[in-house]
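The values are calculated or read from the model by the stated rules, or taken from the named source; none is laboratory data. Bear in mind the structure is a predicted one, so any value in this text is a computation, not a measurement. Cβ sites come from the backbone with ideal geometry, for glycine too, and all protein chains shown count toward neighbours. In case anyone asks, the SASA skips ligands and DNA or RNA and just uses the protein heavy atoms, side chains included. Shrake-Rupley method; radii C 1.70, N 1.55, O 1.52, S 1.80 Å.
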Amino acid sequence: MPCVVEMNNISKVFPGIIANDKVNFQLKKGEIHVLLGENGAGKTTLMNILYGLYQPTSGEIYIGGKEVIIKDPNVAIQHGIGMVHQHFMLIKPFTVAENIILGNEPVMHNGMKLDMKKAIKNVENISNDFGLKVDPMAKIQDLSVGIQQRVEILKALYRGADILILDEPTAVLTPQEIEELGIIIRKLADEGKSIILITHKLKEVMSMSDRVTVIRRGKIIDTIDTKAIKTDDLAEMMVGRKVKMEVDKQEKTPGEVIFSVEKLKVRDNRGLEAVKDVSFNVRAGEVLAVAGVDGNGQTELVEAITGLRDIESGQVQLDGLDLSKLSTKEIIESGVGHIPEDRHRRGLVLGNSLAENMILGYHYTEPFSKNGFMKYDKIHEHAQVLIKEYDVRTPDENVKAGSLSGGNQQKAIIAREMYKNPRLLIAAQPTRGLDVGAIEFVHKKIIESRDNNQAVLLVSLELDEVMSLADRIAVIYDGRIVDTIDAKKATEKQLGILMAGGKHKETRDMNSEVMGHE
């Protein structure tokens, strides 16, 4: 098939960093092509150049065989390129049709009035043509995450996109929604659309793509037909070493209950009840995973436990100590480690150095502080040790935390929190934005915490992660724990149904057995 996109010798240099180093990338007509690489490898930078969000330092781009200069996204759209970002850009009170036509509205013949009937008809036609099945009159705020993603794809198609870039498209979907997305993008490819997927999930690479291009540290390693390579070999190409794909977790009998939540009720920022009468416990030497689609109360639950959000009613106890009335500082001091889901808002002070960030939460204690004065020799020495141990990719410990890639920011937070050897480790989306090599390392550390008889509360959107790490799985839907399941007996299908608010016979039969052990 002919190439619809050719990127030749693309380089992009930021201050002190070569993000793309003479990269060559080709996309064929009607193919699904995955761009795979470690966090910070340069894959998103490359696609941001193709979409006009960045300008290359050097190199050429050809669309349909003709050289083009894509100075901004409007030019990209004119050349038939559309991009669906990981974080959707939808106006929630608007309808599907209103979101899709925004900025490109059809008007009546007089040019003065919006032709909404025509807009709705256009959306219906595109939706039906590609099997996207979206109600044009539904409000975004009433739609599931999977349907919202379809709306973003429809937005690109409405603007005439023949080349679609999907950035981490499965990050917040249930297993059933991931399967549906695979069907949708295959149909788009069969209709002649050319699709680029940016992902770090090898499972989706193998199931969805025709070809995969591996990029490492800004350079292309290889482009391969997906059917000609194995998952383990892809992982090794991506990180430059062999990666153990399975979590090495030994059977372990949990100890006494360390942490318990009883009838917890918490409201969200709008004053609506987000956590509804939630109860669970975590034992010493156990990983309890809270699994659910994003937006079902997980954020508010973790914020309430860690003192970042008021508790309306209920109790939170660690080793018999009531945490519900304590400050965040007091909760940390009581033995709680917290890897927050939002590393920018909750995990780091972006304008401070990496070294300073690596002591947050215990910065006022010895050996890092004495008599109110910071001891920077000890702070830098401490940071250098953690940077090496956790493979934080940084020029040195003096750089601002905000200048690091997202994955390296996450590694820094994990290093800081695990250093404290907490009694309870709360890990909220601990591998978000990490590549398989870093994920392997983080998973190993979480299992080490469990094997050291710490209690681990894992909150994750990644079902593979949940099923690999957890001893028990509590599924949350609409602010309630709808079931708690022995991880050894859980299946993806069963969890996916529960995460979508359904019930499953196997789950109901199992529930009485599992709850009997609590």
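Out of region 92-101, which residues are outside any strand (DSSP E or B) and either farther than 24 Å from ILE198 by Cβ or of a type in the set (Asp, Glu) (or both)?
Result: LYS92, PRO93, PHE94, VAL96, ALA97, GLU98, ILE101.
Tell me which of these ALA171 doesn't satisfy, since it passes every other one: (1) within 22 Å of the chain's Cα centre (by Cα); (2) modelled with pLDDT of 90 or more; (3) not acidic (Asp, Glu).
So the condition that ALA171 fails would be (2).
Taking the residues in region 209-232 that are out of contact with any strand residue (DSSP E or B) (no Cβ under 7 Å at 6 or more places or on another chain) and outside any helix (DSSP H, G or I) as candidates, determine which candidate is modelled with the lowest pLDDT.
The extreme case among them is ARG217.
What do you reckon, is GLY433 under 20 Å from the mean Cα position of the chain (by Cα), at pLDDT below 95, at negative phi and open to solvent by less than 40 Å² (accessible area, probe 1.4 Å)?
no
Here are some residues: GLY307, GLY295. Which one is surrounded by fewer than 18 Cβ atoms within 10 Å (Cβ to Cβ) and among the small types (Gly, Ala, Ser)?
Criteria check complete, one pass: GLY295.
Can you name the residue in region 205-247 that is touching a helix residue (DSSP H, G or I) at 6+ places or on another chain (Cβ under 7 Å) and of a type in the set (Asp, Glu) and, of all such residues, is farthest from ALA189 (Cα to Cα)?
Within region 205-247, the match that is farthest from ALA189 (Cα to Cα) is ASP222.
Which condition from (1) charged (D, E, K, R); (2) more than 22 Å from the chain's Cα centre (by Cα); (3) surrounded by 14 or more Cβ atoms within 10 Å (Cβ to Cβ); (4) farther than 24 Å from PHE441 by Cβ is the one that LYS370 breaks?
(3)
So ASP396 ticks every box in (1) open to solvent by less than 70 Å² (accessible area, probe 1.4 Å); (2) more than 30 Å from VAL261 (Cβ to Cβ); (3) touching a strand residue (DSSP E or B) at 6+ places or on another chain (Cβ under 7 Å); (4) charged (D, E, K, R) but one. Which box is left unticked?
For ASP396, the failing item is (3).
Determine which single condition GLU417 fails, assuming it passes every other condition in (1) in contact with an Asp or Glu (Cβ under 9 Å, 6 or more places away or on another chain); (2) closer than 27 Å to THR306 by Cα.
Of (1) in contact with an Asp or Glu (Cβ under 9 Å, 6 or more places away or on another chain); (2) closer than 27 Å to THR306 by Cα, only one is false for GLU417: (1).
Just to be sure before I move on: is GLU6 surrounded by 21 or more Cβ atoms within 10 Å (Cβ to Cβ) and not aliphatic (A, V, I, L, M) in the structure I sent?
Against the criterion (surrounded by 21 or more Cβ atoms within 10 Å (Cβ to Cβ) and not aliphatic (A, V, I, L, M)), GLU6 does not qualify.
THR170 fails exactly one of the following numbered conditions: (1) open to solvent by less than 10 Å² (accessible area, probe 1.4 Å); (2) over 30 Å from ALA291 (Cα atoms); (3) among the polar types (S, T, N, Q); (4) not in a helix (DSSP H, G or I). What is the number of that condition?
(2) is the only condition that THR170 fails.
Mind telling me which of the residues ASP129, ASP135, ASP115 ends up being closer than 23 Å to LYS193 by Cβ and either surrounded by 14 or more Cβ atoms within 10 Å (Cβ to Cβ) or free of Cβ contacts under 8 Å to residues at least 24 places away in the same chain (or both)?
Selected residue: ASP135, the only one of ASP129, ASP135, ASP115 that is closer than 23 Å to LYS193 by Cβ and either surrounded by 14 or more Cβ atoms within 10 Å (Cβ to Cβ) or free of Cβ contacts under 8 Å to residues at least 24 places away in the same chain (or both).
Just to be sure I understand the filter: pairs with C-beta atoms under 8 Å, separated by 6 or more residues or on different chains, first member in region 13-34 and farther than 22 Å from PRO2 by Cα, second member among the hydroxyl-bearing types (Ser, Thr, Tyr) and open to solvent by 20 Å² or more (accessible area, probe 1.4 Å). Which pairs pass?
From residues that are farther than 22 Å from PRO2 by Cα, the pairs are VAL13/THR57; ALA19/THR45; ASN20/THR45.
Among the numbered criteria (1) farther than 29 Å from ASN398 by Cβ; (2) under 22 Å from the mean Cα position of the chain (by Cα); (3) β-branched (Val, Ile, Thr); (4) at pLDDT below 95, which single criterion is violated by ILE32?
So the condition that ILE32 fails would be (4).
Would you be able to say whether some residue in region 274-282 is surrounded by 15 or more Cβ atoms within 10 Å (Cβ to Cβ), in a helix (DSSP H, G or I), over 21 Å from the mean Cα position of the chain (by Cα) and aliphatic (A, V, I, L, M)? Let's see the steps before the verdict.
Applying the first criterion (surrounded by 15 or more Cβ atoms within 10 Å (Cβ to Cβ)) to region 274-282 yields 274-276, 278-282.
Within this subset, residues satisfying the condition of being in a helix (DSSP H, G or I) are none.
No, there is no match, as no residue in region 274-282 is surrounded by 15 or more Cβ atoms within 10 Å (Cβ to Cβ), in a helix (DSSP H, G or I), over 21 Å from the mean Cα position of the chain (by Cα) and aliphatic (A, V, I, L, M).
Only strands (runs of 3 or more DSSP E) wholly contained in region 446-499 count here; list those with 3 or more residues that are on the phi < 0 side of the Ramachandran plot and open to solvent by less than 10 Å² (accessible area, probe 1.4 Å).
455-460, 472-477
Under 7 Å between Cβ atoms, which residue pairs at least 6 apart in sequence (or on different chains) link something in region 247-262 that is under 18 Å from GLN315 (Cα atoms) with a partner that is open to solvent by 40 Å² or more (accessible area, probe 1.4 Å) and of a type in the set (D, E, K, R)?
Partner pairs satisfying both residue conditions: ILE258/ASP319; ILE258/ARG423.
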